[in-house]
1. Hey, rough spin-label estimate for ASN91 and ASP240, points 7 angstrom out along Cα→Cβ, what's it come to in nanometres?
2. Whenever you get a sec, compute what percent of the accessible area on the range 86-152 sits on carbon and sulfur atoms (1.4 Å probe).
3. Which Cα, out of VAL200, SER68, LEU270, lies furthest along the positive dipole direction of the chain (beta carbon charges, K/R +1, D/E -1)?
4. How large a share of the accessible area of the range 302-353, in percent, is made up of carbon and sulfur atoms when the probe is 1.4 Å and the other protein chains stay in place?
5. Taking amide H positions as placed in the peptide plane 1.01 Å from N, state which residues far from MET378 in sequence (5 or more) or on other chains have amide H under 5 Å from it.
6. How many nm is it between the label spots at HIS30 and GLN62, if each spot is 7 Å from the Cα in line with the beta carbon?
7. Report the full-extension gain for the segment MET217 to GLN152: residue separation times 0.36 nm, less the Cα-Cα distance, to one decimal in nm.
8. Quick one: accessible surface of CYS258, probe radius 1.4 Å, all protein chains present, in square angstrom to the nearest 10.
Amino acid sequence: MMMLIGTILGFLLLVLLIIFFLKQFWIRRHLPPGPLALPLIGTFLAVGLWLREEYFRKPVKQYGNIYSLWYWQKLTIVLSGFKAVKEEMTNFPEEFSDRPDNPFLTALGKRKGILFSNGHTWKQQRHIGITSLRKLGLGKKSIEHQIEDTAQTLVGIFRETKGQPFDPSFSVLNVVSNVICALSFGHQFSAEDEEFQKLVEALKIIFKVMGDSFHVMYDLFPQLMKHLPGPHKEALASADIIHAFAKQEIEKHQESQCLHEPQDFIDYYLLQMEKSKNDPNSTYNEENLVQCVFDFFSAGTETTFATLMWALLLLTNHPDIQEKVQKEIEDAFGSSGSISYQDRKKLPYTNAVIHEMQRFKYVLLYGVPRQSTKDVTMRGYHIPKGTFITPDLRSVLLDPEQWETPGKFNPNHFLDKEGKFIDRDEFLPFGIGERVCVGQQLARVEIFVFLTILLRSFSFRLPEGVKELNEEPVPKITMHPHPYKLCAIPTQA
């Protein structure tokens, strides 16, 4: 009897598997090619469960620059290489403008603010983010002065090391976070401030979890993981810490009543709330404001911090390139006086090096995913509404069809034969389409000002006995270098 039951169950399982695969072939007949999806686990066996640097590049060799993956039962279309990313994200700007419903990221962002919202809410929050940054003086001297002051603080901290080996990460993270604090709250914090250190620590915890096994398990079993202990719970609690701090700052701004003369992002947002209070379609409210502050603080800090850490590592590993940058700065400006972002035109080699750093060591594993808002036909393929769209920006920045030496750190990628800077279309570290990074101009100014000020003050060298710093990234959503130490040798008194 038991044998008969086992035979029947085995037969039913076989029938179900046959039905599943027939359904797969039927669904996939109009989709881009890709590995075969298995029940429950999707295509994980083909591409791997854990993140790594070449995660999205491996299937390109077999399936081409547009291919399908299945995360569990969710269809994802990956766009790889410059041509595929540029064409399809340009052809379908509105259709590929939504953010996907990722359980862990949704728990962090609650579908509010700029990064995680969609539709009318997203359009309004993005608008206030862009206009506020512009009004606060983005690209003008007012913002640059704050960045310069913060960079000089970093110079002072580096001087205290007296040329001895040290880990720059703690100091760099603090000063980058303070730039966002100045923009969001209108003031900065001392490095010893306990509340500020709680904010920075909360941010580190959140990004430590993103992309690891607990993130994956949360996306697989969100209802179960809500009740289980683990780093995911610590990350969500850390998000609450940042939200609570933002609420405190908002309350202080409401009490000060500075709406007639806005000084920071919160002021501008509160002014917009006041203007829109009689508009029934307005999404300008305190909940979205809190999440916008979270978005600025998290995304604005994490990516710029990672970029600067890679920059210091690459400069240390390539002293010849570092010396050429220092010589160009010295020849153009001498050893004193400020250098503004507008001065990058006088520093073509320096500008090329900064761009090449961001290309060669792109700080995200891939472009932030989108979700199709309607059915579309793309290159003859049928892409259903709700499909995840992943523009693989890392593949664009390493595309062998676009870059002469994609796997090498080569500033000549951004220079013509006369040594003039070239602004290349293939340079897309801040994204493409309607979801292009809101803070890209701020990031550009920060990176340029920080690095020019640091390179006028120090030569960065390897510690004694160290032949080279490790250039392999730690594979997470944000690709940081492994911890390292360097020596900051003062170049001037």
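The values are calculated or read from the model by the stated rules, or taken from the named source; none is laboratory data. Note that the structure is predicted; figures quoted are calculated from it, not measured. Cβ sites come from the backbone with ideal geometry, for glycine too, and all protein chains shown count toward neighbours. Ligands, DNA and RNA are excluded from the accessible area calculation, which covers all protein heavy atoms including side chains. Shrake-Rupley method; radii C 1.70, N 1.55, O 1.52, S 1.80 Å.
1. For the pair ASN91/ASP240, the computed spacing is 4.7 nm.
2. Details: 1570 of 2870 Å².
For the range 86-152, the apolar C and S fraction of the accessible surface comes to 55 percent.
3. Value computed over the given set: SER68.
4. Details: 950 of 1950 Å².
Carbon and sulfur atoms account for 49 percent of the accessible area of the range 302-353.
5. Placed amide hydrogens put ILE383 under 5 Å from MET378.
6. A separation of 2.6 nm, rounded to one decimal place.
7. Working: separation 65, 0.36 × 65 = 23.40 nm, distance 4.29 nm.
Length gained, MET217 through GLN152: 19.1 nm.
8. Approximately 40 Å² for this residue.
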